Structures are given as C-alpha cells and as structure tokens.
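**Q** Got a structure here, written out as structure tokens. Questions coming.
The values are calculated or read from the model by the stated rules, or taken from the named source; none is laboratory data. Computed from a predicted structure; not experimentally measured. In this analysis, Cβ positions are derived from the backbone assuming ideal geometry, glycine residues included, and neighbour counts consider all displayed protein chains.
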Amino acid sequence: MKVRNLRRAVCAAAAAALLVAGAAPAGHAADGPVLRELAAAKGVYYGTAVTASKLSGAYASLAGGQFGSITPGNEMKWGSVEPARGSYDWSGADAVVDFAEAHGQQVRGHTLVWHSQLPGWVSGGSWTADALRTVMTGHIATEAGRYQGRIDHWDVVNEPFDEDGTRRPSVFQTVIGDGYIEDALRAARAADPAAKLYLNDYNIEGVNAKSDAMYELVKSLKARGVPLDGVGLQAHLIVGQVPATLRANLQRFADLGVDVAITELDIRMPLPATDAKLAQQKADYKAVTQACLAVARCAGVTVWGFTDADSWIPDVFPGQGAATPYDEGLRPKPAYFGIAEALGWSGGTGPVTGCAVTYTVQNQWSTGFTAQVTVRNTGSATIPGWRLGWSWPSSGQRVTQAWNATVTQSGTAVTAANASYNGTIAPGSAVGFGVNGTWSGSNPAPAGFTLNGAACSA
Ligand code: 9MR
C-alpha cells in the first residue's frame with residue numbers, strides 16, 4: 001500500500017531565515033514544491049529521518065510539511081528503548097510516532113534487531129542460543145507490539161552482512177546462528193501483522209558481493225514462506241558515485257516478490273560545498289529518486305536527515321558533509337530541487353537563463369564599507385533558489401556581516417545564498433541583500449558574478 005497523504009506545507013520554511021548578521025525582516029517562505037504531494041501523485045512516499053528532540057519550530061515545519069514518512073533516527077533502537085534490562089524509555093519513540101500521526105505521515109520503524117546501539121546487557125551477555133532467541137523475540141514482541149497498527153514499515157533486521165557477503169558476526173549471528181533472521185521476522189509478523197517487514201543494509205545499492213548475499217537470503221526466505229515484505233537499501237552515497245546498477249538491482253529484488261525502498265539516502269561531499277559539487281549532488285539525488293520511480297515495487301525514498309544541521313556525516317567522516325537536501329540554515333539546496341524535478345515538478349526549474357547584478361558601495365571609511373547587491377532575473381524561467389558567487393579583486397576585502405542572505409567567504413571567494421524568504425526570483429524580478437565588510441589596500445567592485453554557477457552581467 002502506498003502513501004496517499006496529501007497535506008500542504010504551510011509556510012514550511014518560515015522562521016528558517018538565518019543570516020550571518022543583521023536584522024531579518026519578518027520572513028515568509030517562498031512557495032516551494034511539496035515533496036510529499038509530488039511523491040504521492042507518483043504512488044510513492046518521500047520520507048525523512050528525524051531527531052525527536054528537534055521537532056519544533058522551522059525543523060518541525062519542514063519535517064511535517066515536506067515529507068510523507070518519518071523514521072526515528074535513533075529513538076526506536078534497542079539501546080534507546082531498553083538501556084537496562086526491563087527498564088524502558090519510550091519517550092523519544094512515542095514523540096516521533098505522535099508527530100507523524102499529527103502530520104498524516106507514515107512511520108518507518110527503525111530498527112528491531114541490529115548489532116549496533118545495542119544495550120550492553122544484550123551484546124555483552126553470556127547467552128545460550130535459546131536464551132538469546134527468547135530475549136530477541138521478546139524485545140520484538142514488546143516494541144512492535146507497543147506500536148502495533150501505527151507502523152507502516154519495520155526495519156526488522158538491520159545490517160546483517162559484512163562487505164564480502166558473509167554474515168556479520170553480531171551476537172545474534174554468533175549465538176543463535178543463521179536462523180535468527182527468520183526468527184526475528186516471524187516474531188515481528190506476530191506482533192504487528194499489518195506492518196511491512198523489511199531487511200535493511202548499506203552498500204547493497206549496486207550489484208556486488210554484499211547485495212548478492214542479500215539477494216540469496218531474500219530468495220531463500222521467500223521460498224520457505226518466511227514473512228518478509230521488503231528490502232531496504234540505505235544509500236549512504238558519495239557525490240558523483242550513484243551506482244550505475246542501482247535501478248537493475250532494485251528490480252532484481254522486486255522480481256523476487258518483495259517491495260524495495262531507499263531507506264537512508266544521503267550524498268556526502270568533501271567540504272566546502274561548491275556550486276559544482278552541489279550541482280552534481282542535485283543530479284545524484286535526482287538519479288536515485290528516478291531509479292525508485294522506475295521500479296514498480298519501490299515503495300519510496302527516505303533521506304537520512306533532511307538538513308545538514310542534522311546529519312551524522314560530519315561526525316563520522318571528518319571533512320565531509322553537506323549531504324542532505326537542505327543546508328544548515330534549513331534553506332533548500334539544489335538537491336531539493338533535483339528531488340522535486342525527479343518527482344515531476346515543473347514549476348520553473350529551468351537553469352538560470354539570464355541574470356544581471358548591480359553592486360553598489362553605499363558607504364566606505366578607512367577600514368570598512370557597506371555594499372548593496374541586487375540580483376535580477378533577466379531570463380525566462382523562475383529561479384527557485386539562488387547562490388551568488390564572486391571573487392574579491394583585492395586580498396584585503398572581507399565580508400563581516402550580511403542581511404537578506406547568508407554570506408560565506410573562503411580566501412577571496414564569496415558565496416551569498418538566499419534567505420528562506422527571498423529564494424524565488426520570477427522572470428523580470430529582482431532581490432537585494434547587503435553586506436558589511438573590511439578592506440585594506442584597495443576596495444574595488446568585483447569584476448564578475450555567477451548565479452547558481454551561470455555567469456551574470458554586472
Ligand atoms: O543517524 C544515526 C546516528 O545519529 C547515530 O549516531 C548512529 C550510530 O550508529 O546511527 C545513525 O543511523 C544509522 C542507522 O541507524 C543505520 N544505518 C547507518 C546510519 C548512519 O550511521
């Protein structure tokens with residue numbers, strides 16, 4: 001069953017305006033495409049992982065407004081819900097499920113059996129096979145039973161394989177043996193008969209040894225009548241490296257009689273993000289979304305955090321990040337528009353076909369200056385979000401403050417990104433922003449500007 005929830009994001013990104021400095025005018029989000037509606041019209045869901053403690057303000061508006069499915073990033077893991085044996089904390093998991101219901105969203109339960117974020121009393125216990133099986137199936141009965149009827153998809157077993165396609169030697173594998181996976185699936189079906197039951201893993205997006213192993217497992221489980229409804233491909237990807245075999249791989253799983261889903265999509269890049277890397281990332285998000293749409297049994301796509309402010313990547317891959325569709329200030333990145341385009345949005349996604357920039361120094365003193373910048377869309381297509389780039393002619397020029405845009409500087413290269421409320425520039429319209437800066441030596445106007453990578457007349 002595919003999601004049919006239709007809900008309009010009301011002023012989804014309002015209050016998301018983050019400026020380097022300066023007074024933010026009372027902002028209202030520019031209307032942007034609503035991913036959950038576009039996806040529903042295509043018969044799939046578009047989801048996101050969330051962090052329960054962040055579900056307020058602009059973060060909640062976007063999570064609730066843009067996405068049709070929610071996955072708790074950590075709150076349903078065994079270590080979160082039963083850190084000590086028999087001592088339960090459902091607060092985070094309840095908060096996420098309540099949020100989803102309040103916003104008419106599906107829920108992906110994540111995850112019942114996993115080697116990581118497992119309480120020490122489970123991973124470090126000395127178990128017989130029967131004792132651990134009883135504890136594992138009891139955990140599934142308790143958690144899946146608590147949320148029975150409220151979870152659309154359960155990641156029942158997460159990451160069962162090593163890279164070479166052998167079984168990962170988790171405590172479950174080591175103590176119970178190969179059969180722990182079917183024991184877990186049967187327990188989950190008994191606890192919540194309506195939930196779609198998934199196996200989930202990473203690095204199985206393309207055809208390789210690990211996805212071959214998952215394929216053989218699914219084939220064997222289905223042949224023996226074990227309850228299994230889907231395979232989740234996490235898709236923690238690298239910019240420019242979407243596996244060429246993604247669509248064919250999704251299809252071969254589907255051909256075994258299971259659904260498939262992209263469950264943890266993010267696409268990381270070496271920092272800093274540049275226009276070129278963000279453009280490639282847009283193409284990559286688009287390609288992954290298109291691959292799902294091309295496979296009838298692909299249920300949907302979930303991004304693993306929708307904002308760079310809530311992504312695991314920088315913590316685990318130092319120097320890398322910018323992996324999600326919204327930046328740290330909750331502004332939509334090109335990737336967001338790539339997803340929307342893949343989902344059939346045609347509301348003015350054309351490239352920048354013409355732009356003109358005026359740069360006026362309004363005030364200058366011995367060490368500082370104030371400049372006003374105006375960006376005009378002289379082309380024929382609506383610009384759905386903008387990043388204006390320029391280089392200072394003098395190494396002594398530096399931006400110290402900005403308003404109506406977020407401005408960052410690296411060396412002499414400057415990038416100004418739209419605020420949440422002035423991202424859309426209709427043909428013939430203009431937006432303006434201001435900067436304060438310091439200078440030494442000389443303070444000439446920049447010689448050239450790029451808008452989303454396209455050169456503008458100055
Ligand atoms: O996003 C999760 C992060 O906050 C946790 O610190 C991390 C701990 O392993 O788990 C992250 O989520 C993982 C998911 O549960 C399973 N696939 C890999 C994800 C990224 O590590």
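**Q** Considering only residues of segment 25-62 that are hydrophobic (A, V, I, L, M, F, W, C), part of a loop (DSSP other than H, G, I, E, B) and at pLDDT 95 or above, which is nearest to the ligand (Cβ to nearest atom)?
**A** LEU55
**Q** Name the one entry in TYR198, TYR202 that is crowded, with 16+ Cβ neighbours inside 10 Å, farther than 20 Å from ILE313 by Cβ and of a type in the set (Phe, Trp, Tyr).
**A** TYR198
**Q** Given the conditions (1) within 19 Å of LEU330 (Cβ to Cβ); (2) surrounded by fewer than 24 Cβ atoms within 10 Å (Cβ to Cβ); (3) at pLDDT 95 or above, and given that GLN105 satisfies all but one, which numbered condition is not satisfied?
**A** Every condition holds for GLN105 apart from (2).
**Q** With the structure loaded, tell me whether PHE317 is within 16 Å of the ligand (Cβ to nearest atom), touching a Ser or Thr at 6+ places or on another chain (Cβ under 6 Å) and at negative phi or whether it fails that test.
**A** No.
**Q** OK, next. Pull up segment 136-181, narrow it to residues that are of a type in the set (Gly, Ala, Ser) and touching a residue at least 40 places away in the same chain (Cβ under 8 Å), then point me to the one that is farthest from ALA84 (Cα to Cα).
**A** Only one residue fits best here, namely GLY165.
**Q** Among the residues of segment 108-122 satisfying the criterion of being of a type outside the set (S, T, N, Q) and surrounded by fewer than 24 Cβ atoms within 10 Å (Cβ to Cβ), which is nearest to the ligand (Cβ to nearest atom)?
**A** Restricting to residues being of a type outside the set (S, T, N, Q) and surrounded by fewer than 24 Cβ atoms within 10 Å (Cβ to Cβ), the top hit is TRP114.
**Q** Continuing with the same structure: If you go through segment 89-102 one residue at a time, how many are surrounded by 14 or more Cβ atoms within 10 Å (Cβ to Cβ), away from the ligand (no atom under 15 Å from the Cβ) and not acidic (Asp, Glu)?
**A** 5
**Q** Right, something else. If you check every pair at least six apart or on different chains, which have Cβ atoms under 8 Å apart with a residue in segment 108-121 that is over 17 Å from PRO160 (Cα atoms) and charged (D, E, K, R) first and a residue that is within 12 Å of the ligand (Cβ to nearest atom) and at pLDDT 95 or above second?
**A** Between residues of segment 108-121 that are over 17 Å from PRO160 (Cα atoms) and charged (D, E, K, R) and residues that are within 12 Å of the ligand (Cβ to nearest atom) and at pLDDT 95 or above, the close pairs are ARG108/THR71; ARG108/ASP155; ARG108/THR263; ARG108/THR302.
**Q** Looking at segment 421-438, which of the residues that are in a loop (DSSP other than H, G, I, E, B) and polar (S, T, N, Q) is farthest from PRO334 (Cα to Cα)?
**A** Checking each candidate, the answer is SER429.
**Q** Somewhere in segment 350-362, is a residue more than 17 Å from VAL50 (Cα to Cα), modelled with pLDDT of 95 or more and within 16 Å of the ligand (Cβ to nearest atom)?
**A** No, every residue in segment 350-362 fails to be more than 17 Å from VAL50 (Cα to Cα), modelled with pLDDT of 95 or more and within 16 Å of the ligand (Cβ to nearest atom).
**Q** For segment 427-441, which positions are surrounded by fewer than 21 Cβ atoms within 10 Å (Cβ to Cβ) and either polar (S, T, N, Q) or under 15 Å from VAL357 (Cα atoms) (or both)?
**A** PRO427, GLY428, SER429, ALA430, GLY432, GLY434, ASN436, THR438, SER440
**Q** Can you confirm whether segment 160-181 contains a residue that is within 11 Å of LEU112 (Cβ to Cβ), modelled with pLDDT of 95 or more and either surrounded by fewer than 18 Cβ atoms within 10 Å (Cβ to Cβ) or charged (D, E, K, R) (or both)?
**A** No, there is no match, as no residue in segment 160-181 is within 11 Å of LEU112 (Cβ to Cβ), modelled with pLDDT of 95 or more and either surrounded by fewer than 18 Cβ atoms within 10 Å (Cβ to Cβ) or charged (D, E, K, R) (or both).
**Q** Give the residue, chosen from THR263, THR289, that is at pLDDT 95 or above, within 16 Å of the ligand (Cβ to nearest atom) and crowded, with 23+ Cβ neighbours inside 10 Å.
**A** Matching residue, one of THR263, THR289: THR263.
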